[in-house]
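Have a look at the structure below, then the notes.
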Amino acid sequence: MGEAINGPGGYFGWNLDALDECVTGQFGAHPPFRLVWHDSAIAADRLVVGHDRRKPAPAIPLSYLLDMLSEHHIEVDLR
């Protein structure tokens, strides 16, 4: 996602706060813009309500990320 928002080698951080900074223009691209999400079926399969298998914390579902991007006027094209 970092490369999609900030170009090759792009950075988007390690958590939702960092991603929020990247998609609101605080660091990185300035909305509005269009994000093409390739292989979105893989993300949809793995980003589900439940738990992250690497740590005991709730996973962030894809729907939450899509809502967050939409709120920041980012059009997402799921492919």
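Under 9 Å between Cβ atoms, which residue pairs at least 6 apart in sequence (or on different chains) link something in the range 63-79 that is more than 17 Å from A41 (Cβ to Cβ) with a partner that is of a type in the set (A, V, I, L, M) and in a strand (DSSP E or B)?
These pairs meet every condition: M68/I74; L69/L35; L69/V76; S70/V76; I74/L35; E75/L35.
Is it the case that the range 40-50 has a residue that's among the polar types (S, T, N, Q), in a helix (DSSP H, G or I) and modelled with pLDDT under 80? Before the answer, list the steps.
Taking the range 40-50 and keeping what is among the polar types (S, T, N, Q), we get 40.
Applying the additional criterion that residues be in a helix (DSSP H, G or I) yields 40.
Then drop every residue that is not modelled with pLDDT under 80, which leaves none.
No: the range 40-50 contains no residue that is among the polar types (S, T, N, Q), in a helix (DSSP H, G or I) and modelled with pLDDT under 80.
Does A4 fit the bill of being loosely packed, with under 11 Cβ neighbours inside 10 Å and modelled with pLDDT under 80?
Numbers: loosely packed, with under 11 Cβ neighbours inside 10 Å: no; modelled with pLDDT under 80: yes.
Criteria not met by A4.
Restricting attention to the range 8-31, report how many residues are in contact (Cβ under 8 Å) with a residue 24 or more places away in the chain and charged (D, E, K, R).
1
Would you pick out the residues in the range 28-43 that are buried (at least 16 other Cβ atoms within 10 Å of the Cβ) and more than 16 Å from D77 (Cα to Cα)?
G28, A29
In this structure, does M68 turn out to be modelled with pLDDT of 75 or more and touching a Cys at 6+ places or on another chain (Cβ under 9 Å)? Don't jump to the end; show me each part of the working.
Numbers: modelled with pLDDT of 75 or more: yes; touching a Cys at 6+ places or on another chain (Cβ under 9 Å): no.
Here the answer is no, as M68 does not meet what is asked.
The values are calculated or read from the model by the stated rules, or taken from the named source; none is laboratory data. What you see is a predicted model; the values in this text were computed from it and never measured. Cβ coordinates were reconstructed from backbone atoms using ideal geometry, including for glycine residues, and neighbour counts include every protein chain displayed.
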